[in-house]
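Here the structure comes first, spelled out in structure tokens, and everything after it is commentary.
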Amino acid sequence: MVFIVPQDQFRRRLIGAIALPVVLLLLLSGVSIWQITRLLSALDWVDHTGEVISQANSAQKLLLDMETGFRGYLLTGEQEFLEPYEQANRLIEPSLEELKTLVSDNPSQVQRIVELTASFQRWEQQTLPAIALRQQGELEPLNNLRNRKQLMDQMRQQIAAFISTEEGLRDQRSQTAQTTTQSVILTSLLLALGIGAMLAYFIYRQILWVSLVYKDALQTAQLRTKEAEQSALSLQRSAQRLATLHDIDRAILAAELDKPLIGNALTKMRQIVPFHQAFVALFDLEAEVAQVLAGSSPTGKLPLPVGTRLTVTDFAPEQSMLNGVRYVQNLATAEACPPVLVQLRAQGFLSCLCVPLQVDQTLIGELNLASTEPTAFDAEAQEIAYEVANQLAIALQQTRLRTQLQDYATQLEQRVSDRTAQLEETNQELEAFTYSVSHDLRAPLRTIHGFANALLEDCGEQLGDLGRNYIASIMEDAVQMNDLISDLLSYSRLTRTQINLQPTALTEVVEEALKQLTAQIQENQAQIEVAAALPQVMAHRSTLIQAVTNLIGNAIKFVEPSTRPQIDIFAEETYQNERRWIRMWIVDNAIGIAPEHQERVFRVFERLHGAESYPGTGIGLAIVRKGLERMGGQVGVESQLGRGSRFWIALPMAVPPSMT
């Protein structure tokens, strides 16, 4: 029987073991303190009485000094004999007051001090006239001498009685202190013996209890040790099992083909499951056929060689039986075995374990383990086989999915190759179309513009104003059509041209753009302010010049007829995705853009005003956006109608070589 000490009982025992000695020591200490206090109090009273007697003797000496000095003066008349009298006279009254204070707890002694003080005062009153007569050289009456002698004798008797009383009190208090000392010693001895006996008995009980608990704990520890040994063995087997299963997992993951995958897994499983041959068969339930996919045997020879084709009924008479684990403990005594088990029995195997391979409750095959020993597979071996079967089923399914994915990837690569070829063909056609637009469409426009100009020069006077207006309109439309074709070609080239980004100075880009716009700037008397030392960005130089030229050209063009264009160009540094960017602003005093149209203006052929008001093709800002997108940058606008616009372009900052 294993004895376990309840936690509450152990806590009570522990508290009792600590509390009882503490309480007894506190009791002993309390009694000792009380006895010592009594003893100290008695000793204090003895000391107090001694102090009172000492003070009384001092007062008696002062009285004696006064009387001696007074008599010496009366006899000799010399002043030096009067000095003891005068000195004692200054001290006697404070001495009597202190003595009175010391005996304030004793009314009878206080009364004696009062009477002594009164007698002294009467004696002192009689000495003053006598001293005065002696100083005059006269003799006082004998009767006065007798009166003073009586008063002095009375004072001696009073102080003697006072001292005698105090000495009696001292003897009494000394006896009390002695008695108290004996009582303290006796009480302390008795208490020490009593407490020692109680502690001895208590310690005996505790030691007895601890010995019983230790005995039970030792039995418990021995029992737990046995259990721990059994648990250690079980844990060791579990660790070996987990390690082997982990090796099987790695073997499964390392293999890409079905046969090596199954062979590696079965070889690892032989370390923890006692089988002599194993194989895996895959089922095609619709066709009701099966095929041995792989196997493992110490001799390398399998009863059913790899690739053997069978029917599903060779494994079980009904398909429903294949969904569960089937264990035949002894094939020699088993009846009505399916053909596969019959063949195993013919090869000398006596026990067989059949575990289904299932994925998402779908049967895809079977793991078959056989041994030459009967009842070779216990519950643990069956559990391990079931886990390995599940791993194999998942691995086989993944292999199938991987094969399908590879097939899909091959098909996708072929489709991408075909689409790439189609795209290259389309680009070639687009390039041909661009060439046609660049040459074939521009040639008729140049012819129209040339003939119209010749007609205007040669026959302009004969055509009249209406005819000349028609010809001028034809020439303007031809120019506008030529500009539109040029912008379309530029936009098309942006989508196809290879863009190589390099460090580009914004100052040089702005200068080149202003150079290209010189005629337009002079014509409109535009005032342009460019910040000094604009930074460098990563960009394609010609594409960026085209974008900046379009933005500045729009800022000059889209102003009120009576307004002089004013443009400010500056840059600032920003951070985007933990990278330094440069944002260049082009701020104008143009007509502005309503918020709902600020995204629309960057589209192809989007115009907010007619060509008669503000000429243009409607492609300029689309070219700006396409160019910035090709360079990995951004473009945007902040504007309000009638208050000008703030266009900006953003590009990554070019890092100097010293910082890379």
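The values are calculated or read from the model by the stated rules, or taken from the named source; none is laboratory data. Here the structure is a predicted model, which is why all the values come from computation and not from measurement. Reconstructed Cβ throughout: ideal geometry from the backbone, glycine too, with neighbour counts over all protein chains shown. Just so you know, the surface numbers come from the protein's heavy atoms only, side chains and all, with ligands and any DNA or RNA stripped out. Shrake-Rupley method; radii C 1.70, N 1.55, O 1.52, S 1.80 Å.
Once the convex hull of all Cα atoms in the range 94-160 is built, its volume per residue stands at 77 Å³. The ellipsoid that matches the Cα gyration tensor of the range 517-571 has semi-axes, each √(5λ) in whole angstrom, of 23, 13, 9, with the longest given first. Taking every alpha-carbon pair in the chain and binning the separations at 20 Å intervals from zero gives 11, 15, 10, 14, 14, 12, 14, 8, 2, 0 percent.
Heavy-atom accessible surface of Leu142, to the nearest 10 Å², is about 100 Å², with a 1.4 Å probe and all protein chains retained. Using a Förster distance of 25 Å, how high is the FRET efficiency between Glu318 and Tyr386, based on the Cβ-Cβ distance and rounded to 0.05? It comes out at approximately 0.75.
Take each peptide in 47-55, 125-133, count the other Cβ atoms within 10 Å of every residue, and average; sorted highest first, the result is 47-55, 125-133. The alpha carbons of the range 34-133 stretch over 64, 23, 15 Å along the principal axes, in descending order. Take the Cα of Met198, step 7 Å toward its Cβ, do the same at Glu97, and the gap between the two points is 5.5 nm. Computed from the C-beta positions of Gln126 and Ser58, the FRET efficiency with R₀ = 22 Å rounds to 0.40. Taking 7 Å steps out from each Cα toward its Cβ at Glu629 and Tyr327 produces label points 6.8 nm apart. With every protein chain in place and a 1.4 angstrom probe, the accessible-area ranking of Glu523, Glu166, largest first, reads Glu523, Glu166. Considering the range 148-212, its Cα convex hull presents a mean projected area of 5.1 nm².
Calculate what fraction, in whole %, of the accessible area of the range 139-193 sits on carbon and sulfur atoms when a 1.4 Å probe is rolled over the protein chains. So the carbon and sulfur contribution to the accessible surface is 58 percent. Projecting the Cα atoms of Ala42, Gln109, Leu75 onto the dipole axis of the range 1-155, where Lys and Arg carry +1 and Asp and Glu carry -1 at the beta carbon, places Ala42 farthest toward the positive end.
Here the calculated FRET efficiency for Gln135 and Ile36, from their Cβ-Cβ distance with R0 = 60 Å, stands at 0.45, rounded to the nearest 0.05. Ordered from highest to lowest accessible area with the whole protein assembly present and a 1.4 Å probe, Glu140, Glu97, Glu366 read as Glu97, Glu140, Glu366. Kirkwood-based Rg over Rh for the range 346-401 (C-alpha set), two decimals? Ratio of gyration radius to Kirkwood radius for the range 346-401: 1.06.
Rounded to the nearest whole angstrom, the semi-axes of the ellipsoid equivalent to the range 307-391, taken from the Cα gyration tensor as √(5λ), stand at 20, 17, 11, largest first.
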